[in-house]
Amino acid sequence: MDTPVRWTRRLICALALLLALVPAGTALADDDQPVLPLLTKIKTVASTVPANGDVNPYGVAQVKRTIGKLWAGNILVSNFNNSGNFQGTGTTIVQIGPDGSMSLFAALDPAHLPGSCPGGVGLTTALVVLKQGWVIVGSLPTANQGTMFTGPGCLIVLDSLGHPQETFYGSLVNGPWDMTAFDGDREASLFVTNVLNGTVAAGGTVVHKGTVTRLNLTVSASAPPALQSITIIGSGFPERTDPAALVIGPTGVGLRASCAGDGDDCAHHEGDEDGDHHDSSLLYVADTLSNRVAVIERALTRTTTAGIGRTLSSGGSLNGPLGLFVTPSGTVLTVNSGDGFITEISPHGGQVAKMQLDNTGSPPGAGALFGLTFDPTAGVYFVDDASNTLNLLHH
């Protein structure tokens, strides 16, 4: 379904408000300047394991406003495995404070969801918190001790008390693996990577059917988000099943909704349908199997797929990039599945810094990293699957 023209007007207005809220004096770096060189220490914030024993933390999202059970500055973490360490069976989201306090935010029962979630519940890296207090998490469920996919899953919407209120599902939501959001006052857009399009049928062979979808929502504090449209804005990404990682495909996504500087870091500007506005938004995608970070241009308003997008950066320090986050200065942070490193990429595509966050196991750091977020006043929060902890890379 196409995005109406009104979405462009309202999203650009929301963008202006969002940019005004970014703290200018507390950022760790100026525009286009790397943040990693300023961060030299790593500390464990807290365990991510709740009372039911769920492990394998995947999704990370920072709470921006205090509402209900959500506290501003806290971090939400979704767990992908149950206490038996079976992938695609985790059902919990925990909330962790900067002081190390940890509490259960939500425990989801697949038999008691307010809408369809084909196959059940296995929470993925797809996790966002909207400013009205709505928490949205992806599900990619399995059975038989994490060895068999049971369905395409869904996106589950929870209120600020951790209670599920609705689900988004359908043919375009097929194994939601990671997610980011553009968060406005009355409208929001979710950007979701999907990794089950033909993957299971291929039996371990790479298929080029991974997608990125945009879900346009109307939002308010008083009623659950209402889905207005779903549009495929990226397609053809490589994906395959994997005996160790369950599935590998397009993973982390991060949105840069403005362009700054001399324009070299911006996509080609194209007008929207009525020609009154320009959409310079860029969606960055961790194309894991291609070992690159891709860019989808005009992500907020495009009505057709950009295919696999253009390449921002590839090779070098990248080694199977997974989680991804765009800092306020416009640089891209992404963590590797293959060696436990985090890499920072400039808006121009240069790999400007790297650091190893985990060196355990063999090869060192492999399979340890997934979700992350950046707090300009604190540093990089990231989950470590090897230790089931939330950690902070700080100065």
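The values are calculated or read from the model by the stated rules, or taken from the named source; none is laboratory data. Keep in mind that what you see is a predicted model, and the values were worked out from it rather than measured. Cβ: placed from backbone, ideal geometry, glycine included. Neighbour counts: every protein chain shown. Heavy atoms of the whole protein, side chains included, go into the accessibility calculation; ligands, DNA and RNA do not. Shrake-Rupley method; radii C 1.70, N 1.55, O 1.52, S 1.80 Å.
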Report every pair of residues separated by at least 6 positions or lying on different chains whose Cβ atoms are under 6 Å apart, first residue within segment 155-182 and over 10 Å from residue 138 (Cβ atoms), second buried (at least 20 other Cβ atoms within 10 Å of the Cβ) and of a type in the set (Ser, Thr, Tyr).
172/213; 182/189
Output the number of residues of segment 321-349 satisfying the condition of being assigned to a loop (DSSP other than H, G, I, E, B), open to solvent by less than 50 Å² (accessible area, probe 1.4 Å) and either more than 23 Å from residue 128 (Cβ to Cβ) or in contact with a helix residue (DSSP H, G or I) (Cβ under 9 Å, 6 or more places away or on another chain) (or both).
6
I'm trying to understand the selection: among the residues of segment 359-373, which are part of a loop (DSSP other than H, G, I, E, B), open to solvent by 10 Å² or more (accessible area, probe 1.4 Å) and of a type outside the set (Ser, Thr, Tyr)?
359, 361, 363, 364, 366, 367
Between a residue in segment 30-57 that is of a type in the set (Lys, Arg) and any residue that is open to solvent by less than 80 Å² (accessible area, probe 1.4 Å), which pairs come within a Cβ distance under 6 Å, given they are 6 or more apart or on different chains?
41/394; 43/392
For segment 170-225, how many residues meet the condition of being acidic (Asp, Glu) and open to solvent by less than 20 Å² (accessible area, probe 1.4 Å)?
2
Might you check whether a residue that is assigned to a strand (DSSP E or B) and under 30 Å from residue 95 (Cα atoms) occurs anywhere in segment 299-319?
no
Could you list, in sequence order, all residues of segment 288-302 that are more than 16 Å from residue 326 (Cβ to Cβ), open to solvent by less than 50 Å² (accessible area, probe 1.4 Å) and touching a residue at least 60 places away in the same chain (Cβ under 8 Å)?
301, 302
Which residues, counting only those in segment 108-124, are surrounded by 18 or more Cβ atoms within 10 Å (Cβ to Cβ) and in contact with a Phe, Trp or Tyr (Cβ under 8 Å, 6 or more places away or on another chain)?
117, 119, 122, 123, 124
Only one of these is surrounded by 24 or more Cβ atoms within 10 Å (Cβ to Cβ), part of a loop (DSSP other than H, G, I, E, B) and touching a residue at least 12 places away in the same chain (Cβ under 8 Å): 138, 90. Name it.
90
